[in-house]
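Visitor: I have a structure here, written as structure tokens, and I will follow up with some questions on it.
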Protein chains: 2
Amino acid sequence: MEAVQVRRRSRQVRVRDVLVGGQAPVAVQSMTKTDTRDVAATMDEIYRLHVAGCDIVRLAVPDMDAARALRDIRRQTQMAMVADIHFDYRLALAALEAGVDKLRLNPGNIGARHKVEEVVRAARERGVPIRIGVNAGSLEKDILDRSGRVPDALVESALRHVGILEDCGFSDIVISMKSSDVRTMIAAYEMIADRVDYPLHLGVTEAGPSFQGTIKSAVGIGYLLARGIGDTIRVSLTGDGGEEVKVGLEILYALGLREKRLEIVSCPSCGRCEIDLFTVVREAEKRLLGEDLPPMKVAIMGCVVNGPGESMEADVGLAGGNGLGILFRNGRIVRRVAEAEMIEALVEECRRFRDEARAS
Amino acid sequence: MEAVQVRRRSRQVRVRDVLVGGQAPVAVQSMTKTDTRDVAATMDEIYRLHVAGCDIVRLAVPDMDAARALRDIRRQTQMAMVADIHFDYRLALAALEAGVDKLRLNPGNIGARHKVEEVVRAARERGVPIRIGVNAGSLEKDILDRSGRVPDALVESALRHVGILEDCGFSDIVISMKSSDVRTMIAAYEMIADRVDYPLHLGVTEAGPSFQGTIKSAVGIGYLLARGIGDTIRVSLTGDGGEEVKVGLEILYALGLREKRLEIVSCPSCGRCEIDLFTVVREAEKRLLGEDLPPMKVAIMGCVVNGPGESMEADVGLAGGNGLGILFRNGRIVRRVAEAEMIEALVEECRRFRDEARAS
């Protein structure tokens, strides 16, 4: 019995060393918020995104100076890079020339057919895929007039752009259809998932301030991933890009689509709680992140009702109460210690878990 | 076209003035983290939860002193209160006596049949529903031995407890089946949703530290609500109860299940962004929350690509760039102002939107 549905079958594209679609792991993306022409600042941000766990980074290319800057940036990073292009096909050509690994570009917006063909030819030569990125905020006027900003309109717009690329014999395509409305975005992706087999890039756009954006993204992206839909994700927050990556990864962890290095399961604490759980969890998290441990699940519980059950389920568990800490390893009680020693004991048991895992 | 599915039909129960199930709005719950016997501290927390927007508050009742404290607490609040009882049926009777509006109690854990019957009789007399709260951390040993901590085991356990209440002729039941694993929780609720028509209380238990817990809850609870499943929700965080309520409400807003007072849609900012968007959004949010405004959607965008589209979609919108702010109201451009004046202009347009809404 598995809640995450069988994953939708999609074609696979390659973005430098990152595979997107097919049965490849869901890739996490973000976008630099710096002025791309400021190479030093942009490199700093790319580095921070890389450290946070970002798989693919997108950069805005608003003009030719930005396109030229991509060349310097390319020299300094091996990270998979996407150039975000609007309106001007020469920017797309310059970005390809600079060595980007993917374009984000809506062919319907760049004008005459020969311009599209030129971009497609250059992309094909380099094995670079193109993401069609439809956004509820910038739909074509004729579609908008006919249908409004409904999910059908997003799908219609995406398929129109897809058609243009297909007419050029190009099928190395990724599709996104973002809306700031979670329900609209869910419905649009569910609709297109059955219509084409291109990999899908999921996102809630203009998600807003960090708290709201985190939750809107977790609901919208999480829903689709749980339905087996989605090959790469981008969380949009009006905030730090590293935070976008953290949220994206956490959504994948929540659905078991990626393995978390350290998962702490802890109770919300209630009137039954007999230890200062907030402090214990914070302190334990700090200590454990400083240790060299394998991916593992650690339970920290403050009572005897759900504590032992959850602790037994985890790799290492601690159930505190009555001035005592009961330590669990691999589902068995291994020892009891005084409350004052329980964090230390927890760390020790995690090390034992590691050593046993390495020995076996 | 609607992404949130038709809501599952459930019976309705009443928890003081809060209806749960049927077509009632999804109610948001939290739980006090104080020692229930400390009436003053518990009242403080109930007040904070109330202010945050909590509909129903649960209190742990670990002993007879806590049950007696409920009486004092009851006198001081009109909020819908749930007594959380484990093992001892006399605590349930004392809590009912104290005037609580709902019990959370698993009848299979309180022993002899006559004890269950006594609780059921007292609950029925007072029109008080009972939530069966199954938790993956405290499943019955026989079920666990047979099936492990899989979704089927949660469902089996819940149905067993339900059967005991039904045998006593009691059907004023709410069911929860929580797990710290999002996929397990989703699968269990999806399974039971087709088996019974009792209202469902959703939650991811032991969700862990605030950041992780927020995302696990948004994914798990959000998924089920989007599938039309769930009548009341509790977000569990190892952190502040008010935060639990805020997260719960934000999940409902994201799915359009509750109307948000002020929704700010803002872009993540990128290399195209021409204004200091983070500062503008923060400042605007602060200003607008201090105004007397109706529920409304405000877009704040930092470029001309998606800015105008999103701004037109909102009740009031601001698209900044090139030292200018373009103001939108009800989908139309209403004026252009210098960048330095754009927040003030935004506030003014929001007031105009309010005045027009009130006049019409």
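Visitor: Lys/Arg Cβ at +1, Asp/Glu Cβ at -1, dipole of segment A:220-327 taken about the Cα centre: which of A:G302, A:V247, A:V316 is farthest positive-ward?
Guide: So the residue we want is A:V247.
Visitor: Report the closest approach of any chain B C-beta to the axis of the B-to-A rotation: residue and distance, in whole angstrom.
Guide: For the rotation taking chain B to chain A, the closest Cβ gives B:A218, 2.
Visitor: What is the packing order of peptides A:59-66, A:351-358, B:180-187, taking the mean over residues of other C-beta atoms within 10 Å and listing the highest first?
Guide: My ranking of the peptides, most packed first, is B:180-187, A:59-66, A:351-358.
Visitor: Set the Förster distance to 22 Å, then compute FRET efficiency between B:K260 and B:A359 from the Cβ-Cβ distance, nearest 0.05.
Guide: FRET efficiency, B:K260 to B:A359: 0.45.
Visitor: Still on this structure, I have one more. As a test of understanding, state the convex hull volume per residue of the protein assembly as shown from its alpha carbons, in Å³.
Guide: 165 Å³
Visitor: Which residues' amide hydrogens lie under 5 Å from the amide hydrogen of B:K178, considering only partners 5 or more residues apart or on another chain, with H built in the peptide plane?
Guide: It is B:V134, B:N135, B:A136, by chain and number.
Visitor: List the aspartates and glutamates whose Cα lies under 14 Å from the Cα of B:K115, skipping any in the same chain that are fewer than 8 positions away.
Guide: By straight Cα distance, B:K115 reaches B:D88, B:D167.
Visitor: Which value, in debye to the nearest 20, describes the size of the charge dipole of the protein assembly as shown about its Cα centre when Lys and Arg Cβ atoms bear +1, Asp and Glu Cβ atoms bear -1, and nothing else is charged?
Guide: The calculated dipole for the protein assembly as shown is roughly 980 debye.
Visitor: Note down the relative contact order for chain A as a percent, whole number, built from C-alpha pairs under 8 angstrom at least six residues apart.
Guide: Over chain A, the number comes to 13 percent.
Visitor: Which of rounded, prolate, oblate describes segment B:143-190, given a ≥ b ≥ c as roots of the alpha-carbon gyration tensor eigenvalues and a/c under 1.5 marking rounded, otherwise prolate only if a/b is larger than b/c?
Guide: In terms of gyration-tensor shape, oblate.
Visitor: For segment B:207-360, what does the alpha-carbon gyration tensor say about shape, rounded, prolate or oblate, given a ≥ b ≥ c as the root eigenvalues, a/c under 1.5 as rounded, and a/b over b/c as prolate?
Guide: Taking the square roots of the gyration eigenvalues as a ≥ b ≥ c, segment B:207-360 is prolate.
Visitor: DSSP loop GluC sites (Glu not before Pro) in segment B:314-346 with at most 14 other Cβ atoms within 10 Å of their Cβ, which ones?
Guide: Passing sites in segment B:314-346 do not exist.
Visitor: Label-to-label distances across copies for A:S171, with labels 7 Å out along Cα→Cβ, in nm, shortest first?
Guide: Result for A:S171, in nm, nearest copy first: 5.6.
Visitor: What size of dipole, in debye to the nearest 20, comes out for segment B:1-153 about its Cα centre when the only charges are +1 on Lys and Arg C-beta atoms and -1 on Asp and Glu C-beta atoms?
Guide: 480 debye
Visitor: Here's another thing I want to ask about it. Would you mind computing Rg(Cα) / (2.2 N^0.38 Å) for segment A:12-254, counting N as its residues?
Guide: In units of the globular-protein estimate, segment A:12-254 measures up at 0.93.
Visitor: Let me ask something else. Could you tell me how many degrees, from 0 to 90 and to the nearest 10, lie between the Cα long axis of helix B:113-126 and the main elongation axis, the longest principal axis, of the Cα atoms of chain B?
Guide: Here the helix axis deviates by roughly 50 degrees.
Visitor: Using the beta-carbon distance between A:D292 and A:D44 and R0 = 22 Å, what value does 1/(1 + (r/R0)^6) give for FRET efficiency, to the nearest 0.05?
Guide: That gives a FRET efficiency of 0.20.
Visitor: Quote the charge dipole size of segment B:222-360 about the Cα centre in Debye, to the nearest 20; the model charges only the Cβ of Lys and Arg (+1) and of Asp and Glu (-1).
Guide: Using only the charged Cβ atoms, the result is roughly 320 debye.
Visitor: Here is a further query. Could you name the aspartates and glutamates whose alpha carbon sits less than 13 Å from that of A:K216, not counting residues in the same chain fewer than 8 places away?
Guide: Result set, ordered by chain and number: A:D181, A:E206, A:E244, B:E250, B:E263.
Visitor: For segment A:1-54, run through the trypsin sites (Lys or Arg not before Pro) and keep only the ones in DSSP coil with at most 14 other Cβ atoms within 10 Å of their Cβ.
Guide: A:R9
Visitor: Residues of B:306-312, mean number of Cβ from any other protein chain within 10 Å of their own Cβ, rounded to a whole number?
Guide: 5
Visitor: Still on this model: Output wanted: per-residue J couplings in Hz (rounded whole) for segment B:128-135, from phi through Karplus 6.51 cos²θ - 1.76 cosθ + 1.60, θ = phi - 60°, x for Gly and Pro.
Guide: For segment B:128-135, the Karplus curve yields 9, x, 10, 8, 7, x, 8, 9 Hz.
Visitor: Say the cut-off is 26 Å between C-alpha atoms; which of A:K297/B:K260; A:K33/A:K246; A:K286/B:K260; B:K33/B:K178 go over it?
Guide: A:K297/B:K260; A:K286/B:K260
Visitor: Sticking with this structure for a sec: Excluding residues fewer than 8 places away in the same chain, name every one of the aspartates and glutamates whose C-alpha is closer than 13 Å to that of A:K141.
Guide: Qualifying aspartates and glutamates at Cα under 13 Å: A:E156.
Visitor: Does segment A:309-360 come out rounded, prolate or oblate, given a ≥ b ≥ c as the square roots of the eigenvalues of its C-alpha gyration tensor, rounded meaning a/c under 1.5 and, failing that, prolate meaning a/b above b/c?
Guide: oblate
Visitor: A further question follows. Taking other Cβ within 10 Å of each residue's Cβ, how do A:R195, B:R131 sort, fewest first?
Guide: A:R195, B:R131
Visitor: Averaged over its residues, how many other protein chain Cβ atoms are within 10 Å of peptide B:199-206's Cβ atoms?
Guide: Mean inter-chain Cβ contacts per residue within 10 Å come to 3.
Visitor: What does the average come to when, for each residue of peptide A:180-190, you count the partner chain Cβ atoms lying within 10 Å of its Cβ?
Guide: Per residue, the average neighbour count from other chains is 5.
Visitor: Using a label position 7 Å from Cα in the Cα→Cβ direction, what is the ascending list of nm distances from B:R332 to the same site in the other copies?
Guide: 7.7
Visitor: A follow-up question, please. Among B:Q76, A:L346, B:L159, flag the residue with its Cα farthest along the positive direction of the charge dipole of the protein assembly as shown, charges on Cβ as +1 for Lys/Arg and -1 for Asp/Glu.
Guide: B:L159
Visitor: Give the nm distances, rounded to one decimal, from A:N109 to the matching residue in every other copy, measuring between label points 7 Å along Cα toward the beta carbon; shortest first.
Guide: Label-point separations across copies, in nm and ascending: 5.5.
No lab work stands behind these numbers, since they all come straight from the coordinates. Since the model is a prediction, treat every value here as computed from it, not as a measurement. Positions of Cβ are backbone-derived with ideal geometry, glycine not excepted, and every protein chain shown enters the neighbour counts.
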